[in-house]
Amino acid sequence: MYTVEIYKTDKRTKAGERLVLKKDYATDNRSTLELSVRAHMQKGERYEIHETYVTRTSLMGGKEFQERYDTPYYCSPSSETYWSM
């Protein structure tokens, strides 16, 4: 499973670009997904493709688990801040 993020240039923002689309795709073939995304790109846009789930290790139990790639650090059981609240 992959997640595609599409950014568009925007001089009004500090970073110079803004996120316009974030979409999950249930496919195992990254190259086909990349070709599909490139075909629909417009001028001034760029894309990033991420694996939707990453494997991490819990800080307390040491067990491996999967979570979304964009989970904030403080919300992840693999961080000390998660367990210190």
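The values are calculated or read from the model by the stated rules, or taken from the named source; none is laboratory data. Note that the structure is a prediction, hence the values are computed from the model and not measured. Ideal geometry is used to build each Cβ from the backbone, glycine not excepted, and the neighbour counts take in all protein chains shown.
Structure notes:
- Near pairs, Cβ below 7 angstrom, 6+ apart or cross-chain, from the stretch 13-25 (among the hydrophobic types (A, V, I, L, M, F, W, C)) to any residue that is part of a strand (DSSP E or B): Leu19/Glu5; Leu19/Tyr7; Val20/Ile6; Val20/Tyr7; Val20/Lys8; Leu21/Ile6
- Candidates Glu51, Glu67, Glu5: the one that is free of Cβ contacts under 8 Å to residues at least 40 places away in the same chain and acidic (Asp, Glu) is Glu67.
Rundown of residues vs (1) closer than 19 Å to Lys8 by Cα; (2) surrounded by 11 or more Cβ atoms within 10 Å (Cβ to Cβ); (3) within 14 Å of the chain's Cα centre (by Cα), yes/no style:
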{"residue": "Ser36", "(1), (2), (3)": "yes, yes, no"}
{"residue": "Met41", "(1), (2), (3)": "yes, yes, no"}
{"residue": "Glu48", "(1), (2), (3)": "yes, yes, yes"}
{"residue": "Val54", "(1), (2), (3)": "no, yes, yes"}
{"residue": "Lys63", "(1), (2), (3)": "no, no, no"}
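- Just one of the listed residues (Gly44, Gly62) is free of Cβ contacts under 8 Å to residues at least 40 places away in the same chain and under 24 Å from Ile6 (Cβ atoms), namely Gly44.
- Residue list for the stretch 1-18, filter: among the aliphatic types (A, V, I, L, M) and either loosely packed, with under 13 Cβ neighbours inside 10 Å or under 9 Å from the mean Cα position of the chain (by Cα) (or both): Met1, Val4, Ala15
- The residues of the stretch 65-80 that are in a helix (DSSP H, G or I) and either within 21 Å of the chain's Cα centre (by Cα) or assigned by TED's automatic domain parsing to the domain that holds Lys22 (or both), listed by number, are Tyr73, Tyr74, Cys75.
- Scan of the stretch 14-40 for residues that are part of a loop (DSSP other than H, G, I, E, B) and of a type in the set (Val, Ile, Thr), ordered by number: Thr27
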